[in-house]
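Below is one structure, written out as structure tokens, with a few remarks after it.
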Amino acid sequence: MTPRSPGPSCRRAVTPGQSSWMRFFSLFCPSIQADVILLVTCSIREKAEQAIWNRLRHLSALKAWRQQQAGSPLRIGILGCMAERLKEEILHREKLVDIVAGPDAYRDLPRLLAVAESGQQAANVLLSLDETYADILPVQTSAGGTTAFVSIMRGCDNMCSYCIVPFTRGRERSRPIASILQEVRMLSDQGVKEVTLLGQNVNSFRDMSEVQFQSAAAPGLSRGFSTVYRAKPGGLRFAHLLDQVSRIDPEMRIRFTSPHPKDFPDEVLQLIQERHNICKQLHLPAQSGSTRVLEAMRRGYTREAYLELVHHVRDSIPGVSLSSDFIAGFCGETEEDHQQTVSLLQDVRYNVGFLFAYSMRETRAFHRLQDDVPAEVKQRRLQELITVFREEAARANEAMVGQCQLVLVEGPSKRSALELCGRNDGNIKVIFPDAEVEDAAGCQALARAQPGDYVLVKVTSASSQTLRGVPLRRTTLSRSAACH
Ligand code: 5AD
Ligand code: SF4
């Protein structure tokens, strides 16, 4: 879709009779120039959906304004998980919505738009067993960006009892390796220095597109972990993909998210340890520290199995940075269960954490369990988890004071134009003065670091979220790895 050039009607002077929202739109809202507004939505927690309902209320005023002022209709589309989950409700409740497209219906958008052009509402929420959008390469809108995401798989078969994802995103399927490699090569040619492989369960990756690998044996699960589905044999697995992707550009950092802790065979851990450009950073979503709650969540592991995995990961990848997701106040969670989560946070000491209050969705838990933890108790427990997480993360980060960290520069820091901001291998934000530094390549020459450069920074202070330091020299990923 090409953006419309601002027509004279969009610039029309505001007349005294116009209401305040009309004046607001005409002066400040760039979207009045658009013919179509598509909202990409998330359903994972109620708050995300609420934000879209609120946005739709604003858009309804904008749509009326546009019709009145420009005389041409503005089309509004709801895309993604909320469209999948609430198709009927959206179409009936919000008459202003013209298009509803689920996560597997994006190729159908031109047809849906054509139907909408004729004045009818259009919808497609069919889920697919094989859609991976492999042949559609995303357009990088920020020229000269240093980091990019590459989608490698979609969907989820795990059916955790609290989670809507398997219902809105459908069955697990992987993108063919060849098309992933092609995209990463293209990003490398564009100068991108960090790629994050993306999917709901990245490490369950299983490319079945090449016939000769279709009968390969299924790798084992992490010790003490189980699944609700039978082991899936065949296909090229995550270790193979990671190996291939990391060979493309020795100056490109590779990360991946989100993995499931059940799929960490030793070959994946070994590869992360050995390859200098695969970041030593793992997301291990725990969700709870109580075995009783984990069982109700149908996570397929106990507290003990999870802790054993954490120890195994730390033995296999010394210095690995760990992050996790936790849910506070799941159905039936007692004060004792909650304390078990607090103690898990203390035992593991994560570097990064994503903590949420349980939000009831139409899932197995909705049908079989009771959302019996009062809202204020959920909030209090969530705050306690956040406090403990921050204390522990601050301790973990303080241990880096005095160390040298290799930082990929992203740009000026938000707070000061005199400082640069980037991330270390463990994905922690590092801020340092934008000063001239020695260039490791050019015998004593001084250089100023630019976005996309690697800079060795000596850490001087740390908080729970950020490291600060002084830049020592500009270098490369390969050279820095050779020094260690
Ligand atoms: N309520 C709260 N948090 C949830 N998550 C998934 N479903 C819910 C829910 N119903 C969290 C989990 C998951 C992360 C992406 O979102 O922690 O790992
Ligand atoms: Fe949801 Fe992740 Fe569980 Fe899948 S593995 S059901 S995406 S929490």
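The values are calculated or read from the model by the stated rules, or taken from the named source; none is laboratory data. Note that the structure is predicted; figures quoted are calculated from it, not measured. With ideal geometry, Cβ positions are generated from the backbone for all residues, glycine too; neighbour counts draw on all protein chains shown. The accessibility values were calculated without ligands, DNA or RNA, using every heavy atom of the protein model including side chains. Shrake-Rupley method; radii C 1.70, N 1.55, O 1.52, S 1.80 Å.
Within the range 329-378, how many residues turn out to be of a type in the set (Asp, Glu) and surrounded by 19 or more Cβ atoms within 10 Å (Cβ to Cβ)?
Within the range 329-378, the first condition is being of a type in the set (Asp, Glu), and the residues that meet it are 333, 335-337, 347, 362, 371-372, 376.
Now restrict to residues that are surrounded by 19 or more Cβ atoms within 10 Å (Cβ to Cβ): 333, 337.
Looking only at that region, the number is 2.
Closer than 25 Å to GLY170 by Cβ, part of a loop (DSSP other than H, G, I, E, B) and open to solvent by less than 50 Å² (accessible area, probe 1.4 Å), is that true of ARG230? Please lay out each step first, then the result.
Values: closer than 25 Å to GLY170 by Cβ: yes; part of a loop (DSSP other than H, G, I, E, B): yes; open to solvent by less than 50 Å² (accessible area, probe 1.4 Å): no.
Spelling it out, it is not the case that ARG230 is closer than 25 Å to GLY170 by Cβ, part of a loop (DSSP other than H, G, I, E, B) and open to solvent by less than 50 Å² (accessible area, probe 1.4 Å).
Looking at the structure I just gave you, is ARG479 touching a residue at least 12 places away in the same chain (Cβ under 8 Å), in a strand (DSSP E or B) and farther than 24 Å from TYR350 by Cβ? Full working, then the answer.
Numbers: touching a residue at least 12 places away in the same chain (Cβ under 8 Å): yes; in a strand (DSSP E or B): no; farther than 24 Å from TYR350 by Cβ: yes.
No: the conditions fail for ARG479.
Working only within the range 205-214, note down all residues that are under 25 Å from THR227 (Cα atoms), open to solvent by 20 Å² or more (accessible area, probe 1.4 Å), part of a loop (DSSP other than H, G, I, E, B) and of a type outside the set (A, V, I, L, M).
In the first step, residues of the range 205-214 are kept if they are under 25 Å from THR227 (Cα atoms); the result is 205-209, 213-214.
After this cut, where a residue has to be open to solvent by 20 Å² or more (accessible area, probe 1.4 Å) as well, the list is 206, 208-209, 213-214.
Going one step further and asking which of them are part of a loop (DSSP other than H, G, I, E, B), we end up with 208-209, 214.
Matches in the range 205-214: SER209, GLN214.
Name the single residue that is most open to solvent (accessible area, probe 1.4 Å) among those in the range 413-449 being aliphatic (A, V, I, L, M) and in a loop (DSSP other than H, G, I, E, B).
Taking the range 413-449 and keeping what is aliphatic (A, V, I, L, M), we get 417-418, 420, 428, 430-431, 435, 437, 440-441, 445-447, 449.
Narrowing further to those that are in a loop (DSSP other than H, G, I, E, B): 417-418, 428, 435, 440-441, 445, 449.
Details: ALA417: 87, LEU418: 136, ILE428: 6, ALA435: 42, ALA440: 35, ALA441: 73, ALA445: 47, ALA449: 9 Å².
For the range 413-449, the residue satisfying everything is LEU418.
Pairs under 8 Å by beta carbon, first residue open to solvent by less than 10 Å² (accessible area, probe 1.4 Å) in the range 150-177, partner at pLDDT below 95 and within 12 Å of ligand 1 (Cβ to nearest atom), six or more apart or different chains?
Every condition considered, the pairs that remain are MET153/GLN200; MET153/ASN201; GLY155/GLN200.
Looking at the range 94-204, what strands (runs of 3 or more DSSP E) fall wholly within it and have at least 1 residues that are within 30 Å of PRO412 (Cα to Cα) and within 16 Å of ligand 2 (Cβ to nearest atom)?
Working: elements: 99-101, 122-124, 147-151, 194-198.
Per the criteria, 147-151, 194-198.
One line per residue, one yes/no per condition, for (1) among the hydroxyl-bearing types (Ser, Thr, Tyr); (2) more than 14 Å from ligand 1 (Cβ to nearest atom):
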{"residue": "ASN277", "(1), (2)": "no, yes"}
{"residue": "HIS283", "(1), (2)": "no, no"}
{"residue": "GLN287", "(1), (2)": "no, no"}
{"residue": "SER290", "(1), (2)": "yes, yes"}
{"residue": "ARG298", "(1), (2)": "no, no"}
{"residue": "GLU304", "(1), (2)": "no, yes"}
{"residue": "LEU309", "(1), (2)": "no, yes"}
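Of the residues in the range 342-381, how many are within 30 Å of ASP315 (Cα to Cα) and either touching a Cys at 6+ places or on another chain (Cβ under 9 Å) or within 16 Å of ligand 2 (Cβ to nearest atom) (or both)?
Step one: filter the range 342-381 for residues within 30 Å of ASP315 (Cα to Cα), giving 342-356.
In the following step, the residues that additionally are either touching a Cys at 6+ places or on another chain (Cβ under 9 Å) or within 16 Å of ligand 2 (Cβ to nearest atom) (or both) were identified as 353-356.
Count: 4.
Take the residues of the range 252-271 that are open to solvent by 40 Å² or more (accessible area, probe 1.4 Å) and of a type outside the set (Val, Ile, Thr): which is farthest from ligand 2 (Cβ to nearest atom)?
Initially, the range 252-271 is screened for residues open to solvent by 40 Å² or more (accessible area, probe 1.4 Å), giving 257, 266-267, 270.
Now narrow it down to the ones that are of a type outside the set (Val, Ile, Thr): 266-267, 270.
Values: ASP266: 21, GLU267: 21, GLN270: 24 Å.
Residue satisfying both the conditions and the ranking: GLN270.
Can you name every residue in the range 437-484 that is in contact with a His (Cβ under 9 Å, 6 or more places away or on another chain), at pLDDT below 95 and of a type in the set (A, V, I, L, M, F, W, C)?
ALA481, ALA482
I'd like the residue in the range 157-210 that is within 13 Å of ligand 1 (Cβ to nearest atom) and small (Gly, Ala, Ser) and, out of all such residues, is farthest from LEU126 (Cα to Cα).
Checking each candidate, the answer is SER161.
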